[in-house]
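What follows is a single structure, written as C-alpha cells, with notes after it.
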Amino acid sequence: MHAFMNLVLPVSHEFNPDFVIISAGFDSTDGDPKGQMKVTPACYATMTHHLLALAGGRLGVLLEGGYNPQVCFVTFLQKKFSCLENCQKTVQD
C-alpha cells in the first residue's frame, strides 16, 4: 500500500488520465498459492476506491490471472460490491 499511496497515486494524479483501466490479476491475493503476496480483498477495494478519483470515475476493470479460483472469485465480488457502494454514495452526494 505504501508504494501505491506514495508513488502510483501521485504520478497518476499528475498524469491526469481520461480513463483508467485496471488489469486485475489476483495472483497477489491472500491465499493464492503462487503469488504469495497476501493482498486482502479490503486492500484491493481501497486501491480501487482511490483510483475512482481519477478520470472522473471512468474506470474499467479487466479480470485476469490468479491461481486459486475460489479466492479470485471471492476477492472480485468483494471488490465489485465495495466499488458499487462507493459509486452509489458518490452519486447520492
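Bear in mind that the values in this text are calculations on the coordinates, not laboratory data. Bear in mind the structure is a predicted one, so any value in this text is a computation, not a measurement. Positions of Cβ are backbone-derived with ideal geometry, glycine not excepted, and every protein chain shown enters the neighbour counts.
For ILE22, the residues whose modelled amide H falls within less than 5 Å of its own, excluding neighbours fewer than 5 places apart on the same chain, are GLY60, VAL61, LEU62. What is the spin-label model distance, in nm, from ALA42 to LEU9 if the labels are put 7 Å beyond Cα along the C-beta direction? The answer from the label model is 1.6 nm. The slack in the chain from MET1 to ARG58, taken as 0.36 nm per residue of separation less the alpha-carbon distance, amounts to 18.3 nm.
So which chymotrypsin sites (Phe, Trp or Tyr not before Pro) in region 3-62 are both in a DSSP loop and have at most 11 other Cβ atoms within 10 Å of their Cβ?
Details: sites: PHE4, PHE15, PHE19, PHE26, TYR44; in loops: PHE19.
Those that pass, being in a loop and sparsely packed, are PHE19.
Near THR40, the amide H atoms lying under 5 Å from its own belong to ASP30; only residues 5 or more places off or on other chains count, and H is placed 1.01 Å from N.
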